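Below: one structure, written as structure tokens.
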Amino acid sequence: MDKNTKLHYMKRVDDKCAELPWYVTEYIDSRKRKLSHTTLLNYCHDYLIFFDWLVAEKLAADDRKDIELNVLESLTVREVENFLSFLEYQLGNNKYTINRKLSALKSLFDYLQNKAETSDLNPYIQRNVMAKIDFNSIKESQETVANRIEGKILREDDFEKFRQFVAHDFGELNKSNKRMVRFHEFNRERDTAIVSLILGSGLRLSEVAGINIEDLDMNKGQVRVLRKGNKEQYVYFSQQALLDLESYLKIRETRYVPGKSENYLFIAAPIGRKGKSRRLTPRSIEKLIEKYAAAFGKPALTVHSLRHSFATRYHLENNDVPRLKNQLGHSSIQTTMIYTHLTDEEMRKAVNNMDK
């Protein structure tokens with residue numbers, strides 16, 4: 001990810017921090033070296049929800065920025081449990097999302113109690129209520145996780161069918177809508193390259209959005225990406241992804257007209273006559289996949305399920321979990337092991353076919 005993009009995201013983080021109490025800003029600043037910009041931004045969103053809830057419940061000052069440390073120190077377990085219930089029943093958050101937001105709060109409160117110090121070397125808070133709160137219990141075996149993913153991925157011939165749909169058939173399906181057809185014609189090489197790259201590499205959404213032109217090594221079929229934990233890694237992509245990227249690169253400059261310093265790979269279509277080129281955001285990529293998936297008849301498809309689709313196919317064809325772990329950028333091989341369950345049925349069929 002280029003310097004300007006990093007600065008853009010960090011500005012968004014700083015803008016969110018300006019809406020939060022000073023000690024939250026101090027905590028976020030302390031984590032900038034170790035956490036990615038997207039994680040920090042998610043933390044800020046989570047804190048805004050929490051502090052707004054404190055205000056709405058009249059547990060604190062009328063302005064979230066004015067909430068003092070003693071308010072956090074005096075929160076009861078019951079009040080925090082009420083907040084978690086608010087997330088579930090009012091905001092509709094699932095248990096995974098609630099656990100993520102609780103983790104963000106636990107991290108903040110731990111900093112305030114065990115790391116931050118006043119001028120006289122005392123902790124910011126003496127009592128940490130978040131340490132008493134348990135995460136939601138989510139007891140799922142790898143096989144259960146695999147079964148949950150099962151219906152949300154592409155299999156076998158669906159890879160090429162979906163790619164062809166993005167490249168051509170979507171326009172045919174919507175030929176009565178001239179505006180939609182024009183928009184598809186304008187972006188189809190770009191969109192095909194995005195879909196092909198994810199299906200041919202298993203990259204994460206943020207990794208795809210963050211690619212710059214100089215990150216591509218077309219000779220080796222590799223792309224440099226920034227993985228979780230701000231680790232750089234070269235990731236291989238498929239021959240089909242290479243061909244689709246080449247097709248996109250041929251029209252990228254003439255169609256999207258990027259400025260000399262605008263070296264991001266995937267560019268958003270200009271808006272209006274004087275529209276300037278800009279990086280295609282993660283949310284924009286999500287929306288274009290959602291659009292094609294719904295029209296394709298598989299509305300459950302997401303960027304993440306395309307990543308799962310790649311991983312499932314890779315394991316089926318190569319049966320090499322350590323290499324797949326490295327390709328996907330997993331920190332633990334246990335995470336990668338779910339794909340062994342996803343492909344059990346295919347493996348059984350393949351063995352049985354040997355007798356025919």
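Go through (1) 36, 23, 20; (2) 40, 27, 20; (3) 42, 35, 18 and flag the label whose value is the computed semi-axes √(5λ) of the Cα gyration tensor in Å for this structure.
Matching entry in (1) 36, 23, 20; (2) 40, 27, 20; (3) 42, 35, 18: (2).
List the residues, sorted by chain then number, that are 5 or more residues from residue 210 or on another chain and whose placed amide H is less than 5 Å from its amide H.
Those qualifying (amide H under 5 Å, at least 5 residues apart or on another chain) number zero.
Roughly what would the spin-label model give for residue 228 and residue 186, points 7 Å off Cα along C-beta, in nm?
Roughly 3.6 nm, to one decimal.
Can you give the helix-only mean residue ellipticity at 222 nm for the chain, where every DSSP H stretch with n ≥ 4 adds -39500 (n - 2.57) and the sum goes over all residues, rounded to the nearest 500 deg cm²/dmol? Each step should come with its number before you reach the end.
Details: 18 runs with 202 residues, N = 356.
Result for the chain, helices only: -17500 deg cm²/dmol.
With a cut-off of 8 Å between alpha carbons and a minimum separation of six or more residues, what is the relative contact order of segment 230-296 in percent?
Relative contact order comes out at 20 percent.
Keeping the other protein chains in place, figure out the carbon and sulfur percent of the accessible area of the chain, with a 1.4 Å probe.
48 percent
Between segment 91-142 and segment 21-47, what is the separation of their alpha carbon centroids in Å?
Rounded to whole Å, the Cα centres lie 14 Å apart.
Where the centroid of each part is defined by its Cα atoms, how far is segment 163-202 from segment 232-277 in Å?
That distance is 15 Å.
Quick check: the angle from helix 344-353's long axis to the longest principal axis of the chain, C-alpha only, nearest 10 degrees?
Once rounded, the angle reads 20 degrees.
What accessible area per residue comes out for the chain, rounded to a whole number of Å², with a 1.4 Å probe? Please list the in-between numbers first.
Details: 19720 Å² over 356 residues.
Roughly 55 Å² per residue, with all protein chains present.
Taking only C-alpha pairs under 8 Å that are 6+ residues apart, what is the relative contact order of the chain in percent?
On the way: 385 pairs, mean separation 54.1, N = 356.
Relative contact order of the chain: 15 percent.
Residue by residue through segment 97-104, which ³J(HN,Hα) values in whole Hz follow from phi under the Karplus form 6.51 cos²θ - 1.76 cosθ + 1.60 (θ = phi - 60°), with glycine and proline marked x?
5, 4, 4, 5, 5, 5, 4, 4
Using amide H atoms built 1.01 Å from N in the peptide plane, name the residues 5+ places from residue 124, or on other chains, whose amide H lies under 5 Å from its own.
So residue 124 has HN proximity to 116, 118.
What ranking, highest mean first, results for peptides 157-166, 295-304, 200-209, 174-183 when packing means the other Cβ atoms within 10 Å averaged over each residue? Each step should come with its number before you reach the end.
On the way: 157-166: 17.2, 295-304: 15.7, 200-209: 23.1, 174-183: 11.9.
Ranking the peptides 157-166, 295-304, 200-209, 174-183 by packing returns 200-209, 157-166, 295-304, 174-183.
In terms of modelled amide H atoms, which long-range or inter-chain residues lie less than 5 Å from the amide H of residue 278?
Here 268 satisfy the definition.
Between residue 219 and residue 110, how high is the FRET efficiency from 1/(1 + (r/R0)^6) when r is the Cβ-Cβ distance and R₀ = 45 Å? Nearest 0.05.
After rounding, the FRET efficiency stands at 0.45.
The values are calculated or read from the model by the stated rules, or taken from the named source; none is laboratory data. None of these values were measured; they are calculated from a predicted model. Note that each Cβ is placed from the backbone with ideal geometry, even for glycine, and that neighbours are counted across all protein chains shown. All accessible areas refer to the heavy atoms of the entire protein, side chains included, with ligands and DNA or RNA removed. Shrake-Rupley method; radii C 1.70, N 1.55, O 1.52, S 1.80 Å.
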